[in-house]
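Novice: Next up is a structure, given as structure tokens.
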Amino acid sequence: MSAFSAVEIITAKRDGGALSDDAITWMLDAYMKGEVADEQMSALLMAIFFNGLEPRELLTWTDQMIASGERLDLKGLSRPSVDKHSTGGVGDKISLILAPLVASCGAAVPQLSGRGLGHTGGTLDKLESIPGWRASLSNDEIRSQLEDVGAVICAAGQGLAPVDRRLYALRDVTGTVESIPLISSSIMSKKIAEGTNALVLDVKVGRGAFIKTHDRARLLAQTMVALGTSHGVATVAQLTAMNQPLGRAVGNALEVTESIDVLRGGGPSDVRELTVALARTMLELVGLDADPASKLDDGSAYATYRLMIEAQGGDPDAKMAEGACKDVVLAPQDGIIQSLDALDVGIAAWRLGAGRARKEDPVSAGAGVLCLARVGEFVEAGQPVFELFADDDEHLARGRDAITRALVLGEEPVPHEPLLLERISK
Ligand code: URA
């Protein structure tokens, strides 16, 4: 006879009570063993969605998620390790630039990433548009690439916090994704299990982010920083604006090409600004004194990028895919761009074929959107504002339909919106 009953645990949380450490440990363990059913775990997740978890409960919940699998051991590396996690935005290709950049400054960057779902693209999908590139590495390959090159971006192995995969799948179909304790424990259990010394969280706020308000983003950031810190991972969060897409390119191969522009010292100024700011914070956390901006300008970051891609079988000189069907969207009238809705642009890129609706769907490497103007710019009637790419006419028509909603023109000058909103540390 077990000392616990799933129903008692569910009802205790449903009624606003706090769960004991033993009850949490039992529940997650029994769920992994198949002794607690999906419908019972779903009910508990919904109770947590409404009633939250106290700090002690959240710590235990996260510890048990970590304990459900293996931990990567990065202790033997000669470089300090530091990672970055973004909560996901449209045109967010920062990881592709940041990992080799921070490695070129002397750190080891273990970026264990995922694939995209919905309107935000996944880092692995972007890199998989490079011919030959391989996302799956063994733990030994990860460690030796970190020692030799300094940067790895690869698929998070099945062994890290495996209970998260099952909980996330349940949350996805039960309306319980948007819960701060559940998001925090999901993200941080995987990052802590990855074994990094330090972590910078890029928490996106705005129309293209899954957290829409500054206050909720701050709470999420504070919760994740507290979890990282209490597990010995030096953690800082940066809240950043995600109302318009980052940079010009949204789509897999298009974003790789734009990342290379930034790695070679050019590219859109917002992408460079955010990359350099996050790199500075990462270096500060591990005590390395280097100037990341100069590593973009002198070619060191690009050289490390090439090594990182080649180490995983990719050809950094390969011609990137470009959708066979193209279209240009023109401004319907003169005006100042009042908004360029990141969510609408993300949905357009997704409909063009760059994203997936279900995890098993394929993505197109060459589909996507180039945003040719930014918020606050004046455009004339007939001036190109978007370029669309798709593999066939049907996807092109679907993307064109979605993109028309993204652009709002007006007469008023638009005040500049800062990209870096707030830094949260312990
Ligand atoms: N990303 C995750 O890994 N987990 C969440 O719960 C939300 C975003």
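Novice: With within 16 Å of the ligand (Cβ to nearest atom), within 27 Å of L352 (Cα to Cα) and in contact (Cβ under 8 Å) with a residue 12 or more places away in the chain as the only criterion, which of L96, L124 stands out?
Specialist: Only one candidate passes the filter, namely L124.
Novice: Looking at the stretch 211-230, can you tell me whether even one residue there is within 14 Å of the ligand (Cβ to nearest atom) and at pLDDT below 95?
Specialist: Yes, the stretch 211-230 contains at least one residue that is within 14 Å of the ligand (Cβ to nearest atom) and at pLDDT below 95.
Novice: Across the stretch 156-187, what is the total count of residues that are in contact (Cβ under 8 Å) with a residue 24 or more places away in the chain and among the basic types (K, R)?
Specialist: So the answer is 2.
Novice: If you don't mind, another one. Using the structure shown, decide if M282 is in contact (Cβ under 8 Å) with a residue 60 or more places away in the chain and either assigned to a helix (DSSP H, G or I) or hydroxyl-bearing (S, T, Y) (or both).
Specialist: yes
Yes/no matrix, rows are residues, columns are (1) among the polar types (S, T, N, Q); (2) more than 18 Å from T304 (Cα to Cα):
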| site | (1), (2) |
| --- | --- |
| I97 | no, no |
| V102 | no, no |
| Q111 | yes, no |
| R115 | no, yes |
| G121 | no, yes |
| L127 | no, no |
| W133 | no, no |
| S136 | yes, yes |
| D140 | no, yes |
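Novice: Within the stretch 57-66, can one find any residue that is at pLDDT 95 or above, out of contact with any helix residue (DSSP H, G or I) (no Cβ under 8 Å at 6 or more places or on another chain) and over 19 Å from A237 (Cα atoms)?
Specialist: yes
Novice: With the condition kept exactly as written, say whether any residue in the stretch 46-62 is under 20 Å from I309 (Cβ atoms), more than 16 Å from the ligand (Cβ to nearest atom) and touching a residue at least 60 places away in the same chain (Cβ under 8 Å).
Specialist: Looking through the stretch 46-62, none of the residues is under 20 Å from I309 (Cβ atoms), more than 16 Å from the ligand (Cβ to nearest atom) and touching a residue at least 60 places away in the same chain (Cβ under 8 Å).
Novice: I've got another one for you. For the stretch 296-315: of the residues being closer than 15 Å to R264 by Cβ and small (G, A, S), which is surrounded by the most Cβ atoms within 10 Å (Cβ to Cβ)?
Specialist: Step by step, filter the stretch 296-315, then rank; the result is A301.
Novice: Shifting gears a bit: Of all helices (runs of 4 or more DSSP H) completely enclosed by the stretch 66-161, which ones contain at least 3 residues that are open to solvent by 10 Å² or more (accessible area, probe 1.4 Å)?
Specialist: 139-148
Novice: Quick check, is S20 open to solvent by 50 Å² or more (accessible area, probe 1.4 Å) and over 17 Å from V177 (Cα atoms)?
Specialist: Yes, satisfied.
Novice: List the pairs whose first member sits in the stretch 188-199 and is within 16 Å of G159 (Cα to Cα), whose second member is within 12 Å of the ligand (Cβ to nearest atom) and in a loop (DSSP other than H, G, I, E, B), and whose Cβ atoms are under 7 Å apart, counting only residues at least 6 apart or on separate chains?
Specialist: S189/A161; K190/A156; K190/L160; K190/A161; A193/L160; A193/A161; E194/L160
Novice: So in the stretch 162-183, with the set limited to residues that are open to solvent by 30 Å² or more (accessible area, probe 1.4 Å) and under 21 Å from I66 (Cα atoms), which one is nearest to the ligand (Cβ to nearest atom)?
Specialist: Among residues in the stretch 162-183 that are open to solvent by 30 Å² or more (accessible area, probe 1.4 Å) and under 21 Å from I66 (Cα atoms), the one nearest to the ligand (Cβ to nearest atom) is Y168.
Novice: Does T257 satisfy the condition of being open to solvent by 10 Å² or more (accessible area, probe 1.4 Å) and within 27 Å of H416 (Cβ to Cβ)?
Specialist: Criteria met by T257.
Novice: Which one of T240, T213 is in contact (Cβ under 8 Å) with a residue 24 or more places away in the chain and among the β-branched types (V, I, T)?
Specialist: It is T240.
The values are calculated or read from the model by the stated rules, or taken from the named source; none is laboratory data. Computed from a prediction, not measured in an experiment: that's the story for all the values here. Heads up, the Cβs are rebuilt from the backbone with ideal geometry, glycines too, and the neighbour counts pull from every protein chain shown. Heads up: the accessible areas ignore ligands, DNA and RNA and are worked out on the full protein's heavy atoms, side chains in. Shrake-Rupley method; radii C 1.70, N 1.55, O 1.52, S 1.80 Å.
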